[in-house]
Each structure stands twice: as C-alpha cells, then as structure tokens.
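Since the structure comes first, as structure tokens, the remarks are kept for the end.
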Amino acid sequence: MEPTSSAVSAGAAMSAVAFTSLLPGVNGDALVGAFAGAVVFALHAKDISIAKRLAYMVVSFVVGYLAAPEVMRYTGLQSDTVAAFSASALIVTAALAGIDKIKAFDITSLWKRG
C-alpha cells in the first residue's frame, strides 16, 4: 500500500470513529480508546500480512469497546478511554498467544510418567 493511500485510509477510519462517537447511546470515550488500542496492535504486529492486521484490528476495536465496562469493573479503572484502550490492545495478542499454546500442546504428555 502506498503511503498516500495509507494516510487516506487512516484519515477515513478516524473520521468514521469521530462521527460514530457523536451518535446517541455511543460511549465516545470508549470508542476512541478502543480505536487507539487497535491501532497500536496493528502497528506493532509487523510479522503478519496487512489483510490479517486489518481483520485483527477490527476485532480488537469491537472487543475493546465492548469490554471496557468489564475492565473498569474488575480493575477499578475510572476512565472508559483507558479501559477500552487496554482491552483493545491486549485482547488479540492474548488470543493469538493462547491459540499458539493450544497448537503446541501435546496431549500425550498428560499420560507420560516422569
């Protein structure tokens, strides 16, 4: 992707988030935090393709927004933005690490004697 088209895409995404945050019933603080966390994840994950990064970014964004109230309840955070950012930045990383652990797990090791 060219730098110009990447900048246009990023600008369009930020505009969509800004517009959505103005809708009634939408927590704008959590929306911005989830978007920022998803962007951090996407920028950090350089070992995967752009298409996968975008897909993971969407998942990270949605789950980060939806998980913000739970993160606040269990951690004592007072900021929707920080809670959504934390959830968004960590959720896909944790899920991918868990999937890798499951793939590498050897079930026969449960029955082997030491």
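Residues in the range 93-113 that are among the small types (Gly, Ala, Ser), farther than 26 Å from Val40 by Cα and modelled with pLDDT of 80 or more: how many?
The total comes to 1.
Looking across the range 38-59, the residues that are within 23 Å of Val82 (Cβ to Cβ) and modelled with pLDDT of 85 or more come down to Ala38, Val39, Val40, Tyr56, Met57, Val58, Val59.
The values are calculated or read from the model by the stated rules, or taken from the named source; none is laboratory data. Computed from a predicted structure; not experimentally measured. In this analysis, Cβ positions are derived from the backbone assuming ideal geometry, glycine residues included, and neighbour counts consider all displayed protein chains.
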